[in-house]
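The values are calculated or read from the model by the stated rules, or taken from the named source; none is laboratory data. Predicted model, so just to flag it, every value in this text is computed and none were measured. No Cβ is skipped: glycine too gets one built from the backbone with ideal geometry, and neighbour counts run over all protein chains shown. Remember, those area values only see protein heavy atoms, side chains included, never the ligands or the DNA or RNA. Shrake-Rupley method; radii C 1.70, N 1.55, O 1.52, S 1.80 Å.
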Amino acid sequence: MPSTLQKTRKQISKKRNGQVNALHEKSRDTLRLHKAGVRDQRLEKLAAARSKREQPIVERVTFFQQKVREQGSEPLEVPAIQALIHEYVHQYDEEYDAVKKTRRAGRPPSTKEDLLKIKIAALEKEYEAGFLIPDITTAQSVKLLDAWEGAWAYLATLPWVKVTAAGNVRKSELPSKALV
């Protein structure tokens, strides 16, 4: 998709018979080019922030998609789902222990150690309240999850459920905000 800057540059070059490099510093065309460049930078910054915010959800869906494929693309029962959630929640435990062991005695925890601890605690807290996952309890929803190719827009078509540590399953919606 062409950017605003490229479109503006093309329009100006048509108007000037192909020469865009001979512009006065304060001319209207220079201001148009500058404005288009600033707009493109702003849009790139917003897209990067949105992608960063959406990444945890995409990683979660990818994890459960791979696990369901390993199980033969069959619907799972609640105990099997809880085992997968437990595996997902505790996927950072080994890395956290390794970082913790490398720390010298008497030293404060590193930033990485703090971030891992916070991430693990947030996942455990979410699991107690209700862990959001794509619905993998029915054959139709497993088929939809299996067909997912990584596109954010397709996630809205998947059915979502929240599974608690007690084993309760309730319908939910795809969150508009990223998961912590």
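Only residues of segment 39-60 count here: report those whose backbone N is under 17 Å from the spot 7 Å along Cα→Cβ of K10, or say none.
Only 40 pass the distance filter.
Say each of E74 and L144 gets a label point 7 Å from the Cα, pointing the same way as Cα to Cβ; how far apart are those two points in nm?
That separation, rounded to one decimal, is 2.3 nm.
For the chain, compute Rh as the Kirkwood radius over C-alpha pairs and then the Stokes-Einstein diffusion coefficient at 25 °C and 0.890 mPa s; write the answer in µm²/s, rounded to an integer.
Approximately 122 µm²/s, per Stokes-Einstein.
Heavy atoms only, probe 1.4 Å: what % of the accessible area of the chain goes to carbon and sulfur, would you let me know?
The C+S portion of the solvent-accessible surface of the chain is 53 percent.
Running a GNM on the chain with Cα contacts under 10 Å, which residue among P56, P134, P109 ends up with the highest mean-square fluctuation?
So, out of P56, P134, P109, the one fluctuating most is P109.
Measure nothing fancy, just the Cα-based angle from helix 4-15's long axis to the longest principal axis of the chain, in degrees from 0 to 90, nearest 10.
Around 20 degrees separate the two axes.
Give me the one-decimal nm value for the distance between modelled label points at S110 and R50, 7 Å along each residue's Cα-to-Cβ direction.
3.5 nm
Relative to the Cα centre, what is the charge dipole magnitude of segment 39-94, using +1 at the beta carbon of each Lys and Arg, -1 at the beta carbon of each Asp and Glu, and rounding to the nearest 20 debye?
580 debye
Keeping every protein chain present and rolling a 1.4 Å probe, give me the accessible area per residue for the chain in Å².
In whole numbers, the chain has 68 Å² accessible per residue.
Among S73, W148, L46, whose Cα projects farthest towards the positive end of the dipole of segment 1-159, with charges put on the beta-carbon of Lys, Arg (+1) and Asp, Glu (-1)?
The listed residue farthest towards the positive side: L46.
Which order do T102, T62 take by accessible area at a 1.4 Å probe, largest first?
Ranking T102, T62 by accessible area, largest first, yields T102, T62.
Would you mind working out the magnitude of the charge dipole of the chain relative to its Cα centre, with +1 at each Lys and Arg C-beta and -1 at each Asp and Glu C-beta, to the nearest 20 Debye?
Taking the Cα centre of the chain as origin, the dipole is about 1800 debye.
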